[in-house]
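To start, the structure under review is shown below, and the notes come after it.
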Amino acid sequence: MTLALLHGAQSDVGRKRSHNEDHYGIDLDLGLFVVCDGMGGGNAGEVASALAVDTIHRHFLEAGDNPDMALVGEADDRVTHTTNRLASAIRLANRAIVTSAQTHREWAGMGTTVVAAAFDEDRLCYAHVGDSRLYLVRNRTMQQLTKDHSWVAEQVAQGLLTEEEAERSPRRNLVTQALGAHAAVEVSLGELPLVAGDRLLLCSDGLTKDVPDSLISQILLDEADVPILTQKLITVANDTGGDDNITVIVLVVREQSKPGLWRQLRQRLAL
Ligand code: CA
């Protein structure tokens, strides 16, 4: 990789909920970043989101040891192996949640969204299910790379609701795809080459439901310090109500100045 990543991550319960049903996972060695937003009665939402993060991580660890390991589900020829591996991990997480819900009555009906990013050299590979989002800031412009699997997003796409009506809709929490809902899940995939200066945001809808994109974009553009940037996103979501759990992972792409100490050592030891 000729690019380096700075990262920040935080999850917050918000101001209205008694517990946090979001989970996130980061593995810097694998270049893997995952945000899940769980749903379900009792503690079922937390169980579903944690199970999804763990299953996706474990699938990548196992694939790291055995790159030829079979994919779960059909490969998509239009995307790279890493993106197909993400889809595979998410399908496996779906199965794990469906199975757990069947064997534990108290977890019946649990589910979770997921947005995940993995890095293949300088290429960003991403996948999502539900309304957790991935944004890219490039050339001082923010764009949403994922399209929500939600009732309001579908209505907007069909021209039946305007963006403004969607934001006010009482049904804006309704997702049309989630892990745990069915035996099979439709995973949306994408990838793009990264350049130095890119900023990425993975987040749950606790950030995006009430904070306008313009404000999220302004924070991502203006704050240079990644941990402070991450904290500012949490704070602005709480300041606009904090109705839901809020989870953010921020990634800043930089030029790799010179090989890091660990890489130099590995090269010298020819590992
Ligand atoms: Ca949520």
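Side notes on the structure shown:
- Single residue of the stretch 222-238 satisfying the filter (over 14 Å from Leu6 (Cα atoms) and surrounded by 14 or more Cβ atoms within 10 Å (Cβ to Cβ)) that is nearest to the ligand (Cβ to nearest atom): Ala237
- Of all residues making up the stretch 234-251, the number that are free of Cβ contacts under 8 Å to residues at least 60 places away in the same chain and within 18 Å of Ser132 (Cα to Cα): 1
- Listed conditions (1) part of a loop (DSSP other than H, G, I, E, B); (2) touching a Phe, Trp or Tyr at 6+ places or on another chain (Cβ under 8 Å) are all met by Ala89, apart from (1).
- Only one entry in Ile216, Ile249, Ile228 is more than 22 Å from Glu164 (Cα to Cα) and assigned to a helix (DSSP H, G or I), namely Ile228.
- Test: residue in the stretch 32-54 that is open to solvent by 70 Å² or more (accessible area, probe 1.4 Å), outside any strand (DSSP E or B) and away from the ligand (no atom under 16 Å from the Cβ): yes
- Leading residue by the ranking (nearest to Tyr24 (Cα to Cα)) among those in the stretch 56-80 that are of a type in the set (D, E, K, R) and in a helix (DSSP H, G or I): Arg58
- Count of residues meeting criterion [under 18 Å from Thr82 (Cα atoms), assigned to a loop (DSSP other than H, G, I, E, B) and within 16 Å of the chain's Cα centre (by Cα)] in the stretch 1-31: 3
- Exactly one residue out of Ala108, Ala63 is surrounded by fewer than 22 Cβ atoms within 10 Å (Cβ to Cβ), over 23 Å from Glu191 (Cβ atoms), aliphatic (A, V, I, L, M) and more than 16 Å from the ligand (Cβ to nearest atom), and it is Ala108.
- Qualifying residue in the stretch 144-159 (condition: touching a residue at least 60 places away in the same chain (Cβ under 8 Å) and more than 19 Å from Leu207 (Cα to Cα)): no
- Which listed residue is surrounded by fewer than 16 Cβ atoms within 10 Å (Cβ to Cβ) and touching a residue at least 40 places away in the same chain (Cβ under 8 Å), from Leu174, Leu202, Leu192, Leu207: Leu192
- Residue among Thr99, Thr113, Thr83 that alone is buried (at least 23 other Cβ atoms within 10 Å of the Cβ), part of a helix (DSSP H, G or I) and among the polar types (S, T, N, Q): Thr83
The values are calculated or read from the model by the stated rules, or taken from the named source; none is laboratory data. Predicted model, so just to flag it, every value in this text is computed and none were measured. Cβ coordinates were reconstructed from backbone atoms using ideal geometry, including for glycine residues, and neighbour counts include every protein chain displayed. These area figures cover heavy atoms from the full protein model, side chains too; ligands, DNA and RNA do not enter into them. Shrake-Rupley method; radii C 1.70, N 1.55, O 1.52, S 1.80 Å.
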